[in-house]
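Working notes, beginning with the structure itself.
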Amino acid sequence: MSNKDVQALFDHVVHIGHRSQKWNPKMKKYLYGEKGGIHIINLEKTLDCLNKALDFLSKVTAEGKIVLFVSTKPQSLKVVEDVATSVSMPYVVSRWIPGLLTNFSTLKTRIKYLQNLKEQEASGEFDKYTKKEASNLKKTIEKLQLSLGGVSNMMDLPDVVFVVDVVRDKIAVEEARKIKIPVVALVDSNADPNMVDYPIPANDDALKSLIYMLGKVGECLHKSRNKR
């Protein structure tokens, strides 16, 4: 365990948790203490958990498996989309569609429909429709793209789900657990780490923390894909 790595986590405010009255007691073993009414995350625990999670992600990515990134938290959307796109992985950043995992066969038909519409538009087939019909189809594409654009190339269930905020996106975590898909996630002081297979204690609100932590995940997946 490197002091340099712990310092980097500290510099990116990964240690700042929520107000103490909002904590989840199940996070106690990952907390260093409390300061000014704010829980402080134990960065040595964070680094240990991060390394375990990265080892797992490296292994599954090297095997060619798919990691679905999930976050509907406003400040994280671009970061999550950029990281997922950079390693050619699917993502959900607008809103979680209930049943995306547990009822994937049905959602898959909507994904195929979106793909078909985009192909028609690109090939100029919309020209055969009236202006009103073409306009409606384009609006349909925009609507579907907003909710399904990040998973438009996901033809099978993902092998792993990475969640930024397990409290905000609790439904995604519950769906993954229900069908036994491993979950890797950041867990802030208000989260339940027992809901996650590979919890990473970390500040899931500050952009500085999110950029750093997701950057580490992106680097890991990129290296594993290159090795493969």
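The values are calculated or read from the model by the stated rules, or taken from the named source; none is laboratory data. Note that the structure is a prediction, hence the values are computed from the model and not measured. Using ideal geometry, Cβ is built from the backbone for each residue, glycine included, and neighbour counts are taken over all protein chains shown.
With Leu221, Leu214 as the choices, which residue is within 12 Å of the chain's Cα centre (by Cα), in the same structural domain as Val60 (by TED's automatic domain parsing) and on the phi < 0 side of the Ramachandran plot?
Working: Leu221 fails: within 12 Å of the chain's Cα centre (by Cα).
Unique residue meeting the criteria: Leu214.
Tell me which residues, restricted to the range 194-208, are assigned to a helix (DSSP H, G or I), surrounded by fewer than 19 Cβ atoms within 10 Å (Cβ to Cβ) and not polar (S, T, N, Q).
Within the range 194-208, the first condition is being assigned to a helix (DSSP H, G or I), and the residues that meet it are 194-195, 207-208.
In the following step, the residues that additionally are surrounded by fewer than 19 Cβ atoms within 10 Å (Cβ to Cβ) were identified as 194, 207-208.
Selection gives Leu207, Lys208.
I'd like the residue in the range 79-104 that is modelled with pLDDT of 95 or more and over 16 Å from Met154 (Cα atoms) and, out of all such residues, is surrounded by the fewest Cβ atoms within 10 Å (Cβ to Cβ).
This residue is Asp82.
Taking the range 75-107 as the region of interest, how many residues are hydroxyl-bearing (Ser, Thr, Tyr) and touching a residue at least 60 places away in the same chain (Cβ under 8 Å)?
First, the residues of the range 75-107 that are hydroxyl-bearing (Ser, Thr, Tyr): 76, 85-86, 88, 91, 94, 102, 105-106.
Subsequent filtering for residues that are touching a residue at least 60 places away in the same chain (Cβ under 8 Å) retains 76, 86, 88, 91, 102.
Within the range 75-107, residues that are hydroxyl-bearing (Ser, Thr, Tyr) and touching a residue at least 60 places away in the same chain (Cβ under 8 Å) number 5.
Of these, Ile141, Ile211, Ile171, Ile181, which one is of a type outside the set (D, E, K, R), at pLDDT 95 or above, over 15 Å from Val80 (Cα atoms) and not in a loop (DSSP other than H, G, I, E, B)?
Values: Ile141 fails: at pLDDT 95 or above; Ile211 fails: over 15 Å from Val80 (Cα atoms); Ile181 fails: not in a loop (DSSP other than H, G, I, E, B).
Going through Ile141, Ile211, Ile171, Ile181 in turn, the sole match is Ile171.
Could you look through the range 94-130, keep only residues that are among the small types (Gly, Ala, Ser) and part of a helix (DSSP H, G or I), and pick out the one that is nearest to Pro74 (Cα to Cα)? Don't jump to the end; show me each part of the working.
Restricting attention to the range 94-130, the residues satisfying the condition of being among the small types (Gly, Ala, Ser) are 94, 99, 105, 122-124.
Those still in the list that are part of a helix (DSSP H, G or I) too: 105, 122-123.
Details: Ser105: 28, Ala122: 31, Ser123: 34 Å.
Per the stated criteria, the residue is Ser105.
Please pick out the residue among Leu68, Leu50 that is part of a strand (DSSP E or B), under 17 Å from the mean Cα position of the chain (by Cα) and in the same structural domain as Ala8 (by TED's automatic domain parsing). Working first, answer last.
On the way: Leu50 fails: part of a strand (DSSP E or B).
Just a single option satisfies the conditions, and that option is Leu68.
Among (1) closer than 20 Å to Tyr212 by Cβ; (2) within 23 Å of the chain's Cα centre (by Cα); (3) modelled with pLDDT under 95, where does Ala62 come up short?
That leaves (1) as the condition not met.
Name the one entry in Val160, Val196, Val166 that is touching a helix residue (DSSP H, G or I) at 6+ places or on another chain (Cβ under 6 Å) and under 19 Å from Asp55 (Cα atoms).
Values: Val196 fails: touching a helix residue (DSSP H, G or I) at 6+ places or on another chain (Cβ under 6 Å); Val166 fails: under 19 Å from Asp55 (Cα atoms).
Only one candidate passes the filter, namely Val160.
Could you list, in sequence order, all residues of the range 21-41 that are farther than 17 Å from Lys208 by Cα, touching a residue at least 24 places away in the same chain (Cβ under 8 Å) and buried (at least 16 other Cβ atoms within 10 Å of the Cβ)? So that I can check it myself, show each step before the final result.
As a first pass, look at the range 21-41 and keep what is farther than 17 Å from Lys208 by Cα: 21-39.
Then drop every residue that is not touching a residue at least 24 places away in the same chain (Cβ under 8 Å), which leaves 22-24, 26-27, 30-31, 39.
Scanning the range 21-41 gives Trp23, Asn24, Met27, Tyr30, Leu31, His39.
Does Lys45 satisfy the criteria of being in the same structural domain as Val217 (by TED's automatic domain parsing), in contact (Cβ under 8 Å) with a residue 60 or more places away in the chain and surrounded by fewer than 16 Cβ atoms within 10 Å (Cβ to Cβ)? Walk me through it before giving the result.
Working: in the same structural domain as Val217 (by TED's automatic domain parsing): yes; in contact (Cβ under 8 Å) with a residue 60 or more places away in the chain: yes; surrounded by fewer than 16 Cβ atoms within 10 Å (Cβ to Cβ): no.
Considered against the rule, which asks whether it is in the same structural domain as Val217 (by TED's automatic domain parsing), in contact (Cβ under 8 Å) with a residue 60 or more places away in the chain and surrounded by fewer than 16 Cβ atoms within 10 Å (Cβ to Cβ), Lys45 comes out as no.
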